[in-house]
Amino acid sequence: MTIPFTRRRVLLGLTAGGLVGLLAACGGGGTTTGATTAPPPATSVSSSANQVTAVLTDFHIQLSPQTYHPGPYTFTAENKGHTEHALELDGPGGNNRTKTLQPGGSTTLTVNLKSGTYQVFCPVDGHKDLGMKTQITVGGAPAPTDRVNAPTPPPGNGY
């Protein structure tokens, strides 16, 4: 009598395991099947510009990692320092500057970058000389301006 009961339990366990496997395969779990989906819409100030974050501290500028191509960019300047700061870009596309930000403040600056080298710095009294400067190089093909038609990353979640 114990043998049929044991078989029934094993059969029930195998059936339950198979059902879990089938549901996992059919679900949207995180597996990649080669199909691509459109990225979610960008939540930004300007959907037609590429986004760059510029963190301004005492006395350093940190830009979000970016490869720059000619085209529109929106720089979000965030003052995380203890003194006033601003962000200025000088280069082939002209001179562009944000308003001066109080500590904790932020603002955006939309610029149309052209090929070449840009000096990025804080124009507030002497901050550039204290190390609040960096540069970016713009080159290559124009940056995509429409996120819907931007190149889709390969499947596999980077693995």
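I need the full set of residues from the stretch 75-115 which are of a type in the set (A, V, I, L, M), in a loop (DSSP other than H, G, I, E, B) and open to solvent by 10 Å² or more (accessible area, probe 1.4 Å), in order please.
none
Could you please let me know if E78 is modelled with pLDDT of 95 or more and over 20 Å from the mean Cα position of the chain (by Cα)?
no
For the stretch 35-65, how many residues are at pLDDT below 95 and loosely packed, with under 15 Cβ neighbours inside 10 Å?
15
The values are calculated or read from the model by the stated rules, or taken from the named source; none is laboratory data. Quick caveat, the model's predicted, so the values are computed rather than measured. Backbone-built Cβ (ideal geometry, glycine too); neighbour counts: all protein chains shown. For accessibility, only protein heavy atoms count, side chains too; no ligands or nucleic acids. Shrake-Rupley method; radii C 1.70, N 1.55, O 1.52, S 1.80 Å.
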